[in-house]
Amino acid sequence: MIDVENPKIVERVAERFRALADENRIRLLARLARSPANVRTLTQELGISQAAASKHLSVLRRAGLVNFESKGPQSIYKITDPSVHELCNIVCRGVLAFVRVQAAQVAESPVP
């Protein structure tokens, strides 16, 4: 568990969760989990604008989740903290379990 007595650590944890609190950033991370990519590839595959992709990648970079390497005129982005994979898997499993419980409750509800 984190050191909740250290406000700097707590703020960094909160910053990371804020960085993950956007659908496009989650989609970017999921895509980058497959392989590093440049902004053009990310925009084409995810159907978002270059400006949006750059903005979201900047947020993820400030949070320490991704970084880039310049290769000529291109910036190739990659995930730099593998713990983001574990976190996403944990959250995804939790969401799936929640949805299953909700579906079961709906199925058990009497129809008026």
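Where a number appears in this text, it was derived from the coordinates with a stated rule and is not lab data. Nothing here was measured: the structure is a model prediction, and the numbers come from that model. Neighbour counts run over all protein chains shown; Cβ positions are idealised from the backbone, glycine included.
At a threshold of 8 angstrom on Cα-Cα distance, excluding pairs fewer than six apart, so keeping six or more, what relative contact order does the chain reach in percent? Reported as a whole number, the value is 21 percent. One decimal place: the segment A52-F68 gains 4.1 nm when fully extended, by the rule 0.36 nm per residue minus the C-alpha distance. Using every pair of distinct Cα positions in the stretch 7-80, the Kirkwood expression returns a hydrodynamic radius of 12.5 angstrom.
If I fit a long axis through the Cα atoms of helix 83-108 and take the longest principal axis of the Cα atoms of the chain, what angle between them do I get, 0 to 90°, rounded to 10? On a 0 to 90 degree scale, this one is about 20.
Take the Cβ atoms of C88 and S109, set R0 to 30 Å, and the FRET efficiency comes out at 0.45. Quick one: angle between helix 50-62 and the longest Cα principal axis of the chain, in degrees between 0 and 90, rounded to 10, please. Tilt relative to the chain: about 90 degrees. Once the Cα-Cα distance is subtracted from the 0.36 nm per residue extended length, the A21 to V4 segment shows a gain of 4.0 nm. Helix 7-20 and the long axis of the chain differ in direction by around 80°, with both axes built from C-alpha atoms.
Within straight-line reach of K8, meaning a Cα separation under 20 Å, there are no lysines at least 8 residues removed in sequence or on another chain.
Listed by chain and number, the aspartates and glutamates whose alpha-carbon sits under 15 Å from that of K78, ignoring those within fewer than 8 places in the same chain, are E69.
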